[in-house]
Amino acid sequence: MTKLKSIFIALSLMSLFSGYSFAGKIKLDHVEPMFWWTNMTNPNLQVMVHGKNISDCKVAIDYPGVSVERIIGTDNPNYLFINLLIDKSAKAGTFDLLFTDNGKTKANYKYELKERRSGSANRKGFDTSDVLYLLMPDRFSNGNPDNDSVDGMEDKLDRENPDGRHGGDIQGIINHLDYLQDLGITALWSTPLMEDNMPKVSYHGYAISDYYKIDARYGTNDDYARLSAEAKKRGIKLIIDIVTNHAASEHWMVKDLPTKDWIHIFPEFTNSNHCKTTTNDPYVSDVDYRRNFDGWFDTSMADLNQKNDLLLTYLAQNTIWWIEFADLGGVRIDTYPYNDTEAMAEYCNLIMDEYPNFNIVGETWLSSSADIAYWQKGAINNDGYESGLPCVMDFPLMDATLKAFNEKESWNEGLIRLYNSLAADYFYPDRDNLFTFLENHDTDRVMSIMNGDINKFKMSLAFLLTTRGIPQLYYGGEIMMQGRKSDGDGVMRIDFPGGWEVDARNAFTKEGRTDLENEAFNFQKKLLNYRKNNPVLHTGKLKHFAPENEVYVYFRSNEEKMIMVLLNNSDESSKTVDCKRFDEVMAGFTSAKNIMTDEKLNDISSIEVPAKSVTILELY
Ligand code: CA
């Protein structure tokens, strides 16, 4: 409430000051993006300049290949938006962005155009050949205790507080890239590392207070680029977490709004109703529709109005800036269905036009495949909406998996949930671009749902890693870490044991893990590395057979290999599966190798699957 009021007061003060000009120089408080690159596909660049009464100034540039297309003032005199055209002849270098008033120089910004990385436009985004590892940087590992608390940032180190800052940082991640590579990870998604300078609960990073700066408690922008480079050396793509829906109420841009409609403002704090199905609900009320999109996610998060073209360009350029600066391998967009639909389609298109082989996944947290498919690029929607989002998150498959292995088999419970969830794939225009997972930083940890049962761990993980999709794991899952959302968000995000030098044990090492944890870790590592080296599990055709006698069987195949997966969901009995039923796939195959145990099977006319277990075979 107070935050909102201060925004309104700031708005009224701004109108009082408009037209007033200082006699001296103007301090440029912000110029964003701070620099750009030559040879981008899109020759247009919008530079946002923020400084007291900057709008009184004229702008001049003298640099070969760069011209000013348009200068846009807004209802706030402290902003100018300068649209530049950078043609292919422009060379890397620095030019003056000169601000004058009545012939007098008021400000000068040395604008740099950097040489674009070679091959940048063709960079590949994450795809089904990858397995992503999601981590929360504050909770993974503390590689630099010197940055745990930072002057000028109110939220200081408080490791005892589940919602406090625990000191994890970029150096901590870099220190464990070998661990991730060894585990078989090929892509790393960290929750936001940009500055979140809120006074409390800032560790999650989703209330961004500076879109162009890594939070000093994690490191510097250069540390982030170094993380990406070090990851790349180990075959790991870095995925950035982008928040387009909201900005921290402490963001300078929110405290001095570039335009009156930059954020959604209500007479009093108005929460989003979190009713994302309003998007395509044929009976929706206007009030609900508006509250989903325009309501605030939280009091600390001002809801951005992506319909404003200046803002949309700002956001898209910011994403491109990070991709280019840190050489990234993918983007994850937070709270996707809370953003304006048309604007986000344009946002995605701006990025994909710049990087045609790239990938963007949106957090499409909806409960049915039909609702989620609406948001995927290529969907033919009744309302004519054309999304630009390539990859969507498969929440229904997560729900199905968490239930299936905890249930007794029946016509509508247990394994049939997996079967039915996949059968609903016909909704999706691009089934090769579905993001799959069992847990993330906002859900119960899977092993809490599975009550720490290692059999269920193996079955659910094996399913995730062998069925279709782009799998994502969550840090600590490999040692079956537990945590319930009902005990508070911080509990699903506890520190990885051994990430801090003072920790009693180091679960990053074999010696630091319990026997049970090693069993889970080794299972995951073996399967991940198998998956990594076998394209049949990336792009192989999936064919599955309806669960029968408590067993679900499916195959992945390509020209080189045929993989057979058998899941026995019975708590009590081992099952002998007669393979006659699978003739349409198995004809011609006579033997097999168990990829987890390396055991050979010389007769595959029937296959034995122990109770509550998974068997993964390569057929010959
Ligand atoms: Ca630290």
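The values are calculated or read from the model by the stated rules, or taken from the named source; none is laboratory data. What you see is a predicted model; the values in this text were computed from it and never measured. Glycine also receives a Cβ, built like all others from the backbone with ideal geometry; neighbour counts cover every protein chain displayed. Accessible surface areas use protein heavy atoms only, side chains included; no ligands, DNA or RNA. Shrake-Rupley method; radii C 1.70, N 1.55, O 1.52, S 1.80 Å.
Across the range 318-333, the qualifying residues are those that are out of contact with any helix residue (DSSP H, G or I) (no Cβ under 8 Å at 6 or more places or on another chain) and surrounded by fewer than 22 Cβ atoms within 10 Å (Cβ to Cβ), and the one among them that is nearest to Trp252 (Cα to Cα) is Asn318. Flag: Ile185 does not match the condition of being in contact with a helix residue (DSSP H, G or I) (Cβ under 9 Å, 6 or more places away or on another chain) and either farther than 30 Å from Lys532 by Cβ or within 14 Å of the ligand (Cβ to nearest atom) (or both).
If you go through the range 591-612 one residue at a time, how many are closer than 23 Å to Phe405 by Cα and either assigned by TED's automatic domain parsing to the domain that holds Glu407 or not in a loop (DSSP other than H, G, I, E, B) (or both)? Break it down into steps so the answer makes sense when it comes.
Going residue by residue through the range 591-612, those that are closer than 23 Å to Phe405 by Cα are 594-597, 607-612.
Then drop every residue that is not either assigned by TED's automatic domain parsing to the domain that holds Glu407 or not in a loop (DSSP other than H, G, I, E, B) (or both), which leaves 594, 607-609.
Selection size over the range 591-612: 4.
Of all residues in the range 380-401, those satisfying the criterion of being hydrophobic (A, V, I, L, M, F, W, C) and buried (at least 20 other Cβ atoms within 10 Å of the Cβ) are Leu389, Cys391, Val392, Met393, Phe395, Leu397, Met398, Ala400. Checked against (1) open to solvent by 20 Å² or more (accessible area, probe 1.4 Å); (2) touching a strand residue (DSSP E or B) at 6+ places or on another chain (Cβ under 9 Å), Ile494 passes all but a single condition, namely (2).
Sort through Phe582, Phe545 and tell me the only one that's in a helix (DSSP H, G or I) and either hydrophobic (A, V, I, L, M, F, W, C) or at pLDDT 95 or above (or both). Break it down stepwise before answering.
Numbers: Phe545 fails: in a helix (DSSP H, G or I).
So the residue among Phe582, Phe545 that is in a helix (DSSP H, G or I) and either hydrophobic (A, V, I, L, M, F, W, C) or at pLDDT 95 or above (or both) is Phe582.
Lys213 meets the conditions (1) open to solvent by 40 Å² or more (accessible area, probe 1.4 Å); (2) within 16 Å of the ligand (Cβ to nearest atom) in every case but one. The failed one is (2). For the range 456-500, the tally of residues that are under 20 Å from Gly172 (Cβ atoms) and among the basic types (Lys, Arg) stands at 1. Does the range 199-208 contain any residue that is assigned to a helix (DSSP H, G or I), out of contact with any helix residue (DSSP H, G or I) (no Cβ under 9 Å at 6 or more places or on another chain) and open to solvent by 10 Å² or more (accessible area, probe 1.4 Å)? For the range 199-208, residues assigned to a helix (DSSP H, G or I), out of contact with any helix residue (DSSP H, G or I) (no Cβ under 9 Å at 6 or more places or on another chain) and open to solvent by 10 Å² or more (accessible area, probe 1.4 Å): absent.
Counting the residues of the range 60-90 that are surrounded by fewer than 18 Cβ atoms within 10 Å (Cβ to Cβ) and without any contact (Cβ under 8 Å) to a residue 60 or more places away in the chain gives 17.
Would you mind listing the helices (runs of 4 or more DSSP H) fully within the range 333-405 where at least 1 residues are within 15 Å of the chain's Cα centre (by Cα) and more than 30 Å from Asp453 (Cβ to Cβ)? Don't jump to the end; show me each part of the working.
Numbers: elements: 341-354, 369-373, 395-404.
Output list reads 341-354.
Selection within the range 217-229: residues that are within 16 Å of the ligand (Cβ to nearest atom) and in contact with a strand residue (DSSP E or B) (Cβ under 7 Å, 6 or more places away or on another chain). The member of this set that is most open to solvent (accessible area, probe 1.4 Å) is Thr220.
Condition check: in contact with a Ser or Thr (Cβ under 7 Å, 6 or more places away or on another chain), surrounded by fewer than 22 Cβ atoms within 10 Å (Cβ to Cβ) and at pLDDT 95 or above. Does Phe427 satisfy that? Answer is yes for this residue.
So, Asn147, is that one within 16 Å of the ligand (Cβ to nearest atom) and open to solvent by 10 Å² or more (accessible area, probe 1.4 Å) or not? Full working, then the answer.
Details: within 16 Å of the ligand (Cβ to nearest atom): yes; open to solvent by 10 Å² or more (accessible area, probe 1.4 Å): yes.
When the stated conditions are applied, Asn147 passes them.
State whether one or more residues within the range 196-206 are in contact (Cβ under 8 Å) with a residue 60 or more places away in the chain, of a type in the set (Gly, Ala, Ser) and away from the ligand (no atom under 13 Å from the Cβ). Yes, that holds for at least one residue. Checked against (1) within 13 Å of the ligand (Cβ to nearest atom); (2) in contact (Cβ under 8 Å) with a residue 24 or more places away in the chain; (3) among the aliphatic types (A, V, I, L, M), Leu132 passes all but a single condition, namely (1).
In the range 154-182, of all residues being among the hydrophobic types (A, V, I, L, M, F, W, C) and open to solvent by 10 Å² or more (accessible area, probe 1.4 Å), the one that is farthest from the ligand (Cβ to nearest atom) corresponds to Ile174.
Within the range 233-259, the set of residues being under 18 Å from the mean Cα position of the chain (by Cα) and of a type outside the set (Gly, Ala, Ser) comprises Ile236, Lys237, Leu238, Ile239, Ile240, Asp241, Ile242, Val243, Thr244, Asn245, His246.
Restricting the range 230-258 to residues that are open to solvent by 10 Å² or more (accessible area, probe 1.4 Å) and assigned to a loop (DSSP other than H, G, I, E, B) leaves a set whose member that is nearest to Gln306 (Cα to Cα) is Asp256. Contact map, the range 13-40: residues that are among the basic types (Lys, Arg) paired with residues that are surrounded by 12 or more Cβ atoms within 10 Å (Cβ to Cβ) and modelled with pLDDT of 95 or more, Cβ distance under 8 Å, separation 6+ or inter-chain. Pairs shown: Lys25/Thr105; Lys25/Lys106; Lys25/Ala107; Lys27/Gly51; Lys27/Lys52; Lys27/Ala107. Counting only strands (runs of 3 or more DSSP E) wholly contained in the range 20-76, the ones carrying 2 or more residues that are hydrophobic (A, V, I, L, M, F, W, C) occupy 35-37, 44-50, 58-60, 66-73.
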